[in-house]
Structure formats: C-alpha cells, structure tokens
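Asks: Pasting in a structure now, in structure tokens, and then I'll have a few things to ask.
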Number of protein chains: 2
Amino acid sequence: MTKPFMFEKPLGMRDTLPVLFETKAAIRNKMSDEIKKWGYQFIETPALEYYETIGEESAILDQKLFKLLDKQGHTLVLRPDMTTPIARVAASKLLDKRIPLRLAYCANVYRAQQREGGRPAEFEQMGIECIGNKSVSADAEMIALLVDALKAAGLQDFKIAIGHIGFLQELFLSVLGNEERASVLRKFLYEKNYVGYREHVKSLTLSSIDKQRLIEFSALRGGEATLSKALGLLEGDAGRETLSELQELAALLKEFGVDQYVSFDLTLVSHMSYYTGMLFEVYAGQVGSPIGSGGRYDNLLEKFGWNAPATGFAVRMDRLVQALGEPQQEMVSELVLFSPERRIEAFESAKAKRAEGKIVTIQDLNAVQDVDAFTKTFSEVHFFVGNGGSKQ
Amino acid sequence: MTKPFMFEKPLGMRDTLPVLFETKAAIRNKMSDEIKKWGYQFIETPALEYYETIGEESAILDQKLFKLLDKQGHTLVLRPDMTTPIARVAASKLLDKRIPLRLAYCANVYRAQQREGGRPAEFEQMGIECIGNKSVSADAEMIALLVDALKAAGLQDFKIAIGHIGFLQELFLSVLGNEERASVLRKFLYEKNYVGYREHVKSLTLSSIDKQRLIEFSALRGGEATLSKALGLLEGDAGRETLSELQELAALLKEFGVDQYVSFDLTLVSHMSYYTGMLFEVYAGQVGSPIGSGGRYDNLLEKFGWNAPATGFAVRMDRLVQALGEPQQEMVSELVLFSPERRIEAFESAKAKRAEGKIVTIQDLNAVQDVDAFTKTFSEVHFFVGNGGSKQ
C-alpha cells in the first residue's frame, strides 16, 4: 500500500470537467423533459442505504458493493442501483394515491472495481419504473418511452434487443429438466459465448432432437419472425404464454410506431437477477456495451412488503454521451477587465450585458498575472482601464 | 444492534419525493443560470476521495467523515465538502489556461450524524470558487454574485454578515499574547456564546483597558460604522490592514449595488478552519441556521502544490428551499385511459398532446385496480374505451 499522490482519486472515480459537464447536463435535461411528458415523476433517494434492506436485494454482486459501518454498527452500502431504492420508496406507500405508480430518477450509482481498467465505479443512470402494472402495454410503454427519450437526447442510431427471461427459463427447464443444468447454459448466454454454449449442448446427454432445439434456440435473434421460429421449438405448453406476451408486445410497439428500433433476442440474459419477464438492452453506434437496459421484475416489491408487479429501464448516461459523440461547445464568456478607477462603469456594463442574457466575467486587471494568456480564453474583451474609452 | 426495518434509511438519510424534487430543481436551475452568467464553469468531482488527499484537508471533524476501505487498503471518504475537491482539480492544472479560475459546483456532501436529531447526513450545496485571485474585488464578487444568485432563486429577505478571521486573530493575539488563549475566546464566538465570552474575558489576567477592548470587540456587529468602531479598538499596526481590506470591500459592495443586503460582524468565526481572510454567513427569514457561507482561503491550494489565493461561497440548498417556503406545484398530468381495441387512437392522442408540450400519462384500463382513486390524481381524463366517442 503506497500513499496516494496528491491528485489521485480512488479506483474508477473521475472528475467531470466543464465541457463534459455541460454536454451531460444538456442531454440530461432533454431526456428528463421527455420522461416527465409521459407522466413520470422524478424522485431522489439517499446515496447510503442499509445493506440489509437495499444491498442484499439489489442484484449486484457483493464484491461490487462499497460497504461501510455506521456508528450504530449497521453495514451501509453506497447504492449500487436505483431500482431497489425506488422499490423501497414505492412500497413504503408514501406515494400510493396513483397506482400504477410512475416514478423516474437520475442519479449516480456505485460499483466497486477490482482493478484498473477504465470502468467507472461511479456512474449516472437515468431511468423509470412503472409499478403496480402487470399489463404488456406497460412493457411496451417502457420501450416506446425509451425510444422517445433517446431521440429527444439527439440519438438516432440505436437498436433495442428484446428477450424474455421466462421463455428462456421455461424452455431450458422443459428440455434440461433441472435448474442446475439451466444455470450453466444461462451463464454462457450471459457472457454471449455462443461457441461455448454450443459445445456444452453437444456434450450433454440429451436426445439429438433436444440438442437441436437448444442449438436453434441460441440463434433466435432478429425481427418479429424470430417469435414464430421460437414457437416451432416448443413442445407442449412450456413457453407458449411468454411467447404470446412477446407477440402482443410486438404488436403494441408497431402501434407506438417504434418497431423500427426493435429486434428480438430470445437468448438475452441480464446480470440483474430480479427480472422475471421481458427484458431488453439498447445498443448504440460504436459503443461496445449497452447504453441502457430494462425489463419486468414482478417479485422485487414483495421483498418490501408489497406484492406488486413492475417494469422499468435505466440508461447509462456516460455511454449515451459517448454514443452521441458531439461535445457541447465550451461556454463562451465575454470579459470585462477593469482597473479600480473605472470599476463602477465596469460593473454596470457587465450587469447590462448579463441582463441581455450574455455570459460576462468581470476581473480586476491588477489581480491577473498573465493578461495575454487570460484574455485569450474569452470571446470578447472589454477594457475599463485608465481614463480612456472602452477599448474592445 | 437491531436489524433495520425494511423501509428504514441510515441516520440522517432522506428521500426527496416529487413535489420537493421539482421545487429543488427549479431553484437549482435559476441559481446555476445566474452563476454561469458571471462566467463560472460547473464541474463535478467523485463522491469518494482518498482520506489522505481530501479527508484530511477538508476542515471537517474526523468523526463526521464517512470512511471506508478500498480493496487496495486505502481509506476512502465520502466527500464532506466541495471546496477541497475543487482545490484538488484546480491544482492539478487541467484547467490552467484561465487564471484567475472561476469554477462552480452543485453536489451532495456527506457528514455523519452522531444521533437522531433531524440534521441531514447528506445535503446539497451549490457554490463557486475563484482561484488565483488575491484582490478584494474577488471577495466583493463573491458577495455580489451570492446576492444575485439568491435573488434569481426568488429570495428577497436575507442578510449577509461579513467578518474577517485575520482581524479577529490579530486583535486577539495582540491583546492576549498567545494562540492558546485566543483559541478559547474564538470557541465562545464560534458558539455565539457572548455571555460566556464576557465572563471569560472578565476572568483573564489583563489590564481593565484590554478587557474593555475585548468586551467592546464582542459587540462589533452592524453597518459600515462597525468598521470605524473597530479601528478605535486598535493599538499599533495589528489589524489595521485587514480592516482597510474590509473598508475597501464595503466600498465595492456599494458599487455593486448590494450594500443593503450586507452587515458586518467582526466576531464571526467559521467551523471551516481553512479561511484566512474575510468570511461571511447568509441568514434568511425564519431559518435558524445560515443558508450559505463563504470566505477567503489563501493556504488550501498550497496543500495540493499550487500556492494560489482563493475565495468562494457555498449555499445549503435544503435551507434555501426552506427559506423560500413556496413548494412547487405538483406536476399536472392529463390521463389517456384506453382499452385494447382503441389503443392506437389513444397513443396518437397522447403523442399529439405531448407535442403541444402537455404532460400525458397513458394507461391500459385493464391494469388499473381502483379506477376512481387513480383517475382522481389527474387534471383531465380522456377515455378511449369501448366503441363510443371520447368521454372527457
């Protein structure tokens, strides 16, 4: 353990300098305006929560939690996600007048990194949760609103892949017979290791027909036709209902006019273990990791004492900023540079310009060490110096 | 140690529900717009910092720090203030083109509470720092901008009390002879315990003239005349220069047109030990604690390797919201309630209304358990149900 250098920050922690700050702020405002227009209400929850209430339910690996002890001896965590705290607030019935409940958030979440590698340990998520709503139209609303929010942020080139954890699970259990064998295959899919998946399927003691079904399943990605192909893989009732949910979802997404942004990927598995139904990931442009994800989680609220179905999504703001590519222009400020004898004039001039909506920095000339370097960073410089006129 | 109840939050941690969220957001936007107009650039720093770099320099009592260990064995802290992280960023010279440097922030800071008592352990601060600027006009700029920012937020009834830690310290040392005795008196002033202060002065072994000077000093609060009175207490040079700084500041504040918001309080002592010059506190309406504070800190940047003078302020957003009193109106949403057969119409209607800037919630009627309770929470309800017309 070496002493940190004076400017160092903990692993995965970053500063956001002015240009990126304004870029993020502009995107955040456009997205949150769209989310509000759909009737979602923003709330904020604390950065620290009890491990026993939020940490354990959050579906984030224990080793990724930032933990600390409070003075009373409880273990606290820095919130690793927002869905669980929102579930806590929703279940506390402080907001129970309007069910289905539509809540939104924009907040930093915290996931400890094990090693240097460029992944942030603190990152901003904007998301929504629709709670107490078991209809497929609520799931469709998630995707339609996600499309509108991303478009409002300025994103054009993106694709939402939709799967269904229930379908995958029912198919696996009906073919493999037990959860242990299903979990091995799920892990290959979670890692998007399709080669490993196929090798593993071949090694299983299964009929060649069942092996073929599992192999064909692993290729179930594409347009709406994917759903008909999936139907062809079924024997008996297992998976039929979940598939018809996806078919209804597909119809709804057409009606919302967002079907061109959508494809189906029935092999989709999330690291968030609380999903129970349809789930999705958004990919954009050249960004390698999903810029957002979501899905239905019908059992999480129950852990807070309210047996309510729910569905939601979260967008990773850092990846969205990366996908958009265009940084905000640096804030353009004019400069009013003054010497003491003319400062009244200077202050009045700055005030008048600000009233017109301009950005104006005022500066006492005597306190500037390198006037050339300083003035160079402004769009315009107004000198109120000596007894001459205003040199521009 | 009892297991926390499922809805419980750690000591001093709070949820912000929709009405308060929007109230805070509106105030935050108005204030930050004004701060930007003065040429300040917003940045963000991480919630977690190394204890050895930020925790130790932050002037916050060690027992108020939230500490945790990272996997490398370093102690981390949740940032207890923003001035120290901003000093770290400024000194790292990532932004060194424009000196004096003008930076702003709006962020939550974290201070552990020892017991239940209503004080938040997480609270939002908006503030600015002007770094590399030793002029009194920079100090005046802090106060002028603070006035404009509070007025932009809608606050009218507020008062800024200005002191000077250098004046107090020089007077104390010249009368008392050593720092140990000075620190005892400072503590009384910090606690605003003027009775205790006077009792203590009476008990000291000092000439009756010196006792009288210290007693008179403790009443140095009021308008600009306070500064002349302070001059009358001096013997020799000690305190003269700091007082003339305050006189220049008073003149500048008149020129900025903000003198009506200002009074002087030469007994002002801050809990932030890094202040070296003028310092101030803002009080508003019925709020018992200061809604903001600031001052000059010429030695903090040096700890990060840059010997630069600096001055700044921070506003406590929770207390400002309390001072403003007026909560934002609850977001008014219309409701489009639909049954499956008319959902296309419903989606189109909602889309058209949103395009007009309206807030419109869409909801599948079949997924609502208590339609009366649900519809009651909306400003207008549009039914797209059955084959009839649009019932309003």
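Asks: If you wrap the stretch B:37-116's Cα atoms in a convex hull and average its projection over all directions, what's the area in nm²? Before the final figure, lay out the partial values.
Replies: Working: hull surface 27.1 nm².
Reported value for the Cα convex hull: 6.8 nm².
Asks: Which whole-Hz couplings ³J(HN,Hα) result when phi for each residue of the stretch A:117-129 is put into the Karplus expression 6.51 cos²θ - 1.76 cosθ + 1.60, θ = phi - 60°, listed in order with x for Gly and Pro?
Replies: x, x, 7, x, 8, 10, 8, 8, 10, 10, x, 9, 9
Asks: I've got another one for you. Name the residues of the stretch B:251-267 whose amide N is less than 20 Å from a point 7 angstrom out from the Cα of B:ARG198 along the C-beta direction?
Replies: Correct set: B:265-267.
Asks: Taking each residue of B:357-368 in turn, how many C-beta atoms of other protein chains fall within 10 Å of its C-beta, and what is the average?
Replies: Details: counts 2, 1, 6, 3, 9, 10, 10, 10, 2, 3, 11, 5.
Rounded to a whole number, the mean comes out at 6.
Asks: In what order, largest first, do A:HIS200, B:HIS164, B:HIS271 sit by accessible area if the probe radius is 1.4 Å? Intermediate values should be presented prior to the final figure.
Replies: Numbers: A:HIS200 50, B:HIS164 5, B:HIS271 90 Å².
Largest accessible area first, the residues go B:HIS271, A:HIS200, B:HIS164.
Asks: Would you mind pulling out the separation of the Cα centroids of the stretch B:332-353 and the stretch B:101-121, in Å?
Replies: 43
Asks: Let me ask something else. Grab the eigenvalues of the alpha-carbon gyration tensor for the protein assembly as shown, scale each by 5, take roots, and send me the semi-axes largest first in whole angstrom. Kindly include the intermediate steps, with their values, before the conclusion.
Replies: On the way: eigenvalues 634, 159, 127 Å².
Equivalent-ellipsoid dimensions as semi-axes: 56, 28, 25 Å.
Asks: Compute the length gained on full extension between A:THR75 and A:ASP157: take 0.36 nm times their separation in residues and subtract their Cα-Cα distance, giving the result in nm to one decimal. Intermediate values should be presented prior to the final figure.
Replies: Numbers: separation 82, 0.36 × 82 = 29.52 nm, distance 4.29 nm.
Difference between extended and current length: 25.2 nm.
Asks: Between A:GLN114 and A:GLU326, what is the FRET efficiency for a Förster distance of 25 Å, r being their Cβ-Cβ separation, to the nearest 0.05? Display every interim value, and only then the final one.
Replies: Values: r = 33 Å, r/R0 = 1.32.
After rounding to 0.05, the efficiency reads 0.15.
Asks: Within 10 Å of each Cβ of A:97-104, how many other protein chain Cβ atoms are there on average?
Replies: Numbers: counts 4, 10, 7, 7, 1, 4, 2, 2.
Per-residue shielding by partner chains comes out at 5.
Asks: To continue, here is another question. Apply the Debye scattering formula to chain A, with a single equal point scatterer on each alpha-carbon and no solvent, then give log10 I(q)/I(0) at q = 0.08, 0.09 Å⁻¹.
Replies: -0.55, -0.67
Asks: Note the angle between two axes, namely the Cα long axis of helix A:194-203 and the longest principal axis of the Cα atoms of chain A, as a number of degrees from 0 to 90, rounded to the nearest 10.
Replies: Helix A:194-203 sits at roughly 20 degrees to that axis.
Asks: Which value, in Å² and to the nearest 10, is the accessible area of B:VAL195 when all protein chains are kept and the probe is 1.4 Å?
Replies: About 90 Å², rounded to the nearest 10.
Asks: So, in Å, what gap is there between the alpha-carbon centers of the stretch B:191-255 and the stretch B:283-304?
Replies: 21
Asks: Suppose we keep just the DSSP beta bridges with both residues in chain A; what percent of those would be antiparallel, to 5?
Replies: For chain A, the DSSP antiparallel bridge percentage is about 75.
Asks: Tally up the carbon and sulfur contribution to the accessible surface of the stretch B:1-127 as a whole percent, 1.4 Å probe, everything protein left in place.
Replies: On the way: 2330 of 4680 Å².
Summing carbon and sulfur atoms, their accessible area is 50 percent of the total for the stretch B:1-127.
Asks: Amide H to amide H under 5 Å from B:ALA308: which residues, 5+ apart in sequence or cross-chain, H placed 1.01 Å off N in plane?
Replies: Amide H neighbours of B:ALA308, under 5 Å, 5+ apart: B:LEU301, B:GLU302.
Asks: Oh, and also: Within the set of other residues whose C-beta is less than 11 Å from the C-beta of A:GLY285, count the net charge using Lys and Arg as +1 and Asp and Glu as -1. The partial results should precede the final answer.
Replies: Values: positive: A:LYS159, A:ARG319; negative: A:ASP157.
Net charge around A:GLY285: +1.
Asks: Taking +1 at the Cβ of each Lys and Arg and -1 at the Cβ of each Asp and Glu, which of A:PHE264, A:THR226, A:ILE215 sits farthest along the dipole of the stretch A:208-273 towards its positive end, judged by Cα position relative to the Cα centre?
Replies: After comparing all options, I get A:ILE215.
Asks: Beyond 21 Å, what share of the Cα-Cα pairs of the stretch A:272-392 remains, rounded to the nearest whole percent? The partial results should precede the final answer.
Replies: Numbers: 4506 of 7260 pairs.
Summing the P(r) of the stretch A:272-392 above 21 Å gives 62 percent of all pairs.
Asks: For B:SER207, A:SER58, give me the order by solvent-accessible area with a 1.4 Å probe, most accessible first, ignoring ligands, DNA and RNA.
Replies: B:SER207, A:SER58
Asks: Can I ask one more? Helix-only mean residue ellipticity at 222 nm, chain A, DSSP H runs n ≥ 4 weighted -39,500 (n - 2.57), per residue, nearest 500. What is it? Please report the intermediate quantities before stating the final value.
Replies: Values: 12 runs with 141 residues, N = 392.
Counting only the DSSP helices, I get -11000 deg cm²/dmol.
Asks: Which angle between 0 and 90 degrees, to the nearest 10, do you get for helix A:208-217 versus the longest principal axis of chain A when only C-alpha atoms count?
Replies: 20
Asks: To the nearest 0.05, how large is the calculated FRET efficiency for B:VAL371 and A:LEU61 if R₀ is 35 Å and r is the Cβ-Cβ distance? Kindly include the intermediate steps, with their values, before the conclusion.
Replies: Values: r = 42 Å, r/R0 = 1.20.
The pair B:VAL371/A:LEU61 has a calculated efficiency of 0.25.
Asks: Please name whichever of A:SER32, B:GLY357, B:LEU11 sits farthest to the positive end of the charge dipole of the protein assembly as shown, dipole taken about the Cα centre and charges placed at Cβ: Lys and Arg +1, Asp and Glu -1.
Replies: Among A:SER32, B:GLY357, B:LEU11, the one farthest towards the positive end of the dipole of the protein assembly as shown is B:LEU11.
Asks: Ignoring ligands and nucleic acids, what accessible area does B:TYR190 show with a 1.4 Å probe (Å², nearest 10)?
Replies: The value for B:TYR190 is about 110 Å².
Asks: Here's a follow-up. To the nearest 10 square angstrom, what accessible area does A:GLU116 show with a 1.4 Å probe?
Replies: 150
Asks: What does the average come to when, for each residue of peptide B:236-249, you count the partner chain Cβ atoms lying within 10 Å of its Cβ? Kindly include the intermediate steps, with their values, before the conclusion.
Replies: Details: counts 0, 0, 0, 0, 0, 0, 0, 0, 0, 0, 0, 0, 1, 0.
The mean count of partner-chain Cβ atoms within 10 Å per residue comes to 0.
The values are calculated or read from the model by the stated rules, or taken from the named source; none is laboratory data. A quick note: this is a predicted structure, and the numbers were derived from the prediction, not measured. Every residue, glycine among them, receives a Cβ derived from its backbone with ideal geometry; neighbour counts consider all protein chains shown. When the accessible area is computed, the model is the full protein with side chains, heavy atoms only, and any ligands, DNA or RNA have been set aside. Shrake-Rupley method; radii C 1.70, N 1.55, O 1.52, S 1.80 Å.
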